[in-house]
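Student: A single structure is presented below for examination.
The values are calculated or read from the model by the stated rules, or taken from the named source; none is laboratory data. Only a predicted model underlies this, so the values are computations on that prediction, with no experimental measurement involved. Every residue, glycine among them, receives a Cβ derived from its backbone with ideal geometry; neighbour counts consider all protein chains shown. All accessible areas refer to the heavy atoms of the entire protein, side chains included, with ligands and DNA or RNA removed. Shrake-Rupley method; radii C 1.70, N 1.55, O 1.52, S 1.80 Å.
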Amino acid sequence: MQNNTPSKELHRGLEERHITLMSLGAAIGVGLFLGSGSAIKLAGPAILLAYAVGGLVMFFIMRALGEMAIENPVAGSFSRYARDYLGPLAGYLTGWNYWFLWVITCMAEITAAGIYMQYWFPDTPQWIWALAALVMMTTVNFLAVKAYGELEFWFALIKIITILFMIFVGIGMIVFGFGNGGVATGISNLWEHGGFFANGITGVLMSLQMVMFAYLGIEMIGVTAGEVKNPQKSLSRAIDSVFWRILIFYVGALFVIMSIYPWTEIGEKGSPFVLTFEKIGIPAAAGIINFVVLTAALSSCNSGIFSTGRMLFNLAQQGEAPQQYAKLTKSGVPGTAILASAGALLIGVCMNYVVPEKVFTWVTSIATFGAVWTWAIILLSQIRFRKRLSAEQQKQLKYKMPLFPYSSYVALAFLIGVVGLMAYFPDTRIALIVGPIWYAILIAFYYIKGLHKRNKPFAQENKKIS
């Protein structure tokens with residue numbers, strides 16, 4: 001029915017500080033606070049190299065996204081670009097894949113929230129806290145987008161301040177012996193326990209899945225394009241600053257942690273951040289960090305529900321999802337789409353009830369596979385976008401991908417390598433079973449429902465570049 005598709009669009013209520021902190025909030029979640037312990041166990045101190053290389057690849061992916069988003073800032077972002085430059089099927093698969101990816105990622109975040117809450121309430125089941133986190137974050141997403149952005153800004157700020165505090169105090173301990181009786185710890189722990197490459201190159205390669213999972217969420221800047229004020233200025237600044245900040249948080253924080261603590265003890269005794277604050281000598285360190293990592297998980301889940309709601313809204317607008325998902329509330333929020341995403345997240349609550357000890361590893365590997373698809377599509381769309389431009393149009397681009405086309409192809413090759421590694425190692429192989437099955441279901445639905453016929457005129461209509 002006609003009245004199911006509202007004429008009004010998403011509200012442009014997000015400012016530059018909101019989207020910068022939102023993308024930081026999405027990326028600095030359990031991947032750093034919980035997942036880094038697993039990654040350190042696999043690679044030893046050489047994990048720093050894995051995060052640095054992964055960060056450089058993410059920088060190129062974000063610049064590729066920025067190049068398109070600044071020319072054409074729309075809701076749905078890379079799903080719409082895939083549709084315009086790679087064809088309707090690619091756009092359809094990318095939109096639904098990103099929705100699926102964030103549903104899976106939010107399952108990891110609510111699982112983490114359940115684990116963290118057991119620190120204070122050890123006798124309560126994990127699934128109860130996972131459900132509570134889901135209900136709370138879904139409610140937050142019904143706020144007007146500016147209020148949501150403000151809340152997420154402060155959510156993200158808590159964990160950023162904590163990480164920066166830990167880095168500065170940790171450097172004080174390394175150089176001046178602060179909190180260690182005046183005895184400088186130095187950085188010898190980085191090579192004294194089996195060398196920098198303690199587990200060889202194999203360990204570094206094994207850690208790449210968890211490393212790339214940690215970077216998941218940076219691309220959310222693109223999803224905000226339809227709701228950000230002054231997209232050209234805000235998006236370009238946010239993209240450039242987010243890369244450097246995340247590299248500092250990940251590489252800087254782990255450098256400090258592994259300098260203070262032998263890496264061999266980190267994966268065995270809980271969160272690396274709790275261990276470091278205890279070493280510094282802060283009373284109740286475990287409780288403080290537990291609160292921070294809890295807000296980190298909730299913040300990332302918050303961002304995930306935001307992303308899934310907007311992606312469903314965009315799919316509905318394009319006729320690739322039920323039309324009720326294109327409805328907006330009075331405050332300009334895609335409420336039905338948010339509720340649908342939250343409903344899917346109940347599967348994560350059930351998994352916390354049935355297999356609480358395995359759910360985190362399963363969902364992180366599946367989410368990484370989905371993220372690799374999204375990032376690869378961003379790069380392929382940008383390559384095709386460039387090919388459609390004349391030499392003169394390319395010169396007039398407001399925000400360019402550096403070292404194009406080499407940077408795009410190198411980043412693509414890296415992503416293909418990550419998928420190959422996931423296939424090679426048994427623990428992450430489940431992702432290469434679940435992922436293709438999901439795509440097969442989507443493709444079957446696409447043709448059975450006749451979406452390929454309906455999409456042709458839309459694709460022709462969108463061939464021009466804004």
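Student: So if I check each of S331, S365, S341, which one is under 18 Å from G54 (Cβ atoms) and polar (S, T, N, Q)?
Tutor: S365
Student: Condition test on L101, is it crowded, with 23+ Cβ neighbours inside 10 Å, within 15 Å of the chain's Cα centre (by Cα) and modelled with pLDDT of 85 or more?
Tutor: No, not satisfied.
Student: Quick check on this structure: which one of Q126, Q118 is crowded, with 18+ Cβ neighbours inside 10 Å, over 21 Å from the mean Cα position of the chain (by Cα) and under 21 Å from C301 (Cβ atoms)?
Tutor: Within the list Q126, Q118, the selection yields Q126.
Student: Just to be sure I understand, how many residues within segment 156-203 are within 30 Å of the chain's Cα centre (by Cα), of a type outside the set (A, V, I, L, M, F, W, C) and closer than 22 Å to G287 by Cα?
Tutor: Of the residues in that region, 3 qualify.
Student: Next question. Inspect segment 10-23 for any residue being modelled with pLDDT of 85 or more and buried (at least 24 other Cβ atoms within 10 Å of the Cβ) and give the result as yes or no. Before you say what the answer is, go through the steps one by one.
Tutor: Residues of segment 10-23 modelled with pLDDT of 85 or more: none.
No, segment 10-23 contains no residue that is modelled with pLDDT of 85 or more and buried (at least 24 other Cβ atoms within 10 Å of the Cβ).
Student: Of all residues being over 12 Å from A130 (Cβ atoms) and open to solvent by 10 Å² or more (accessible area, probe 1.4 Å) in segment 355-371, which is modelled with the highest pLDDT? Just the residue, please.
Tutor: Of segment 355-371, the ones over 12 Å from A130 (Cβ atoms) are 355, 357-358, 361-362, 364-371.
Within this subset, residues satisfying the condition of being open to solvent by 10 Å² or more (accessible area, probe 1.4 Å) are 355, 357-358, 361-362, 366, 369.
Values: V355: 64, E357: 63, K358: 65, T361: 68, W362: 72, I366: 81, F369: 84.
Looking at the filtered set, the residue picked out is F369.
Student: How many of the residues making up segment 215-238 are in a helix (DSSP H, G or I), under 14 Å from the mean Cα position of the chain (by Cα) and at pLDDT 70 or above? Give the derivation first.
Tutor: Keep residues of segment 215-238 that are in a helix (DSSP H, G or I), which gives 215, 220-227, 231-238.
Filter once more, keeping what is under 14 Å from the mean Cα position of the chain (by Cα): 215, 220-224.
Then drop every residue that is not at pLDDT 70 or above, which leaves 215, 220.
Looking only at that region, the number is 2.
Student: I'd like to check something: does segment 435-451 contain any residue that is at pLDDT below 85, over 23 Å from the mean Cα position of the chain (by Cα), part of a helix (DSSP H, G or I) and charged (D, E, K, R)?
Tutor: No, there is no match, as no residue in segment 435-451 is at pLDDT below 85, over 23 Å from the mean Cα position of the chain (by Cα), part of a helix (DSSP H, G or I) and charged (D, E, K, R).
Student: Quick check on segment 53-76. Is at least one of its residues among the polar types (S, T, N, Q), open to solvent by less than 30 Å² (accessible area, probe 1.4 Å), at pLDDT below 85 and within 30 Å of L205 (Cα to Cα)?
Tutor: no
Student: How about segment 383-402: which of its residues are closer than 13 Å to E67 by Cα, outside any helix (DSSP H, G or I) and without any contact (Cβ under 8 Å) to a residue 60 or more places away in the chain?
Tutor: Within segment 383-402, just Q396 meets the criteria.
Student: Suppose we filter segment 407-423 for residues that are under 20 Å from D240 (Cβ atoms) and either open to solvent by 60 Å² or more (accessible area, probe 1.4 Å) or hydrophobic (A, V, I, L, M, F, W, C) (or both); how many remain?
Tutor: Summing the residues that are under 20 Å from D240 (Cβ atoms) and either open to solvent by 60 Å² or more (accessible area, probe 1.4 Å) or hydrophobic (A, V, I, L, M, F, W, C) (or both) in segment 407-423 gives 2.
Student: Find the residue count for segment 174-200, including only residues that are touching a residue at least 60 places away in the same chain (Cβ under 8 Å) and of a type in the set (V, I, T).
Tutor: Result for segment 174-200: 3.
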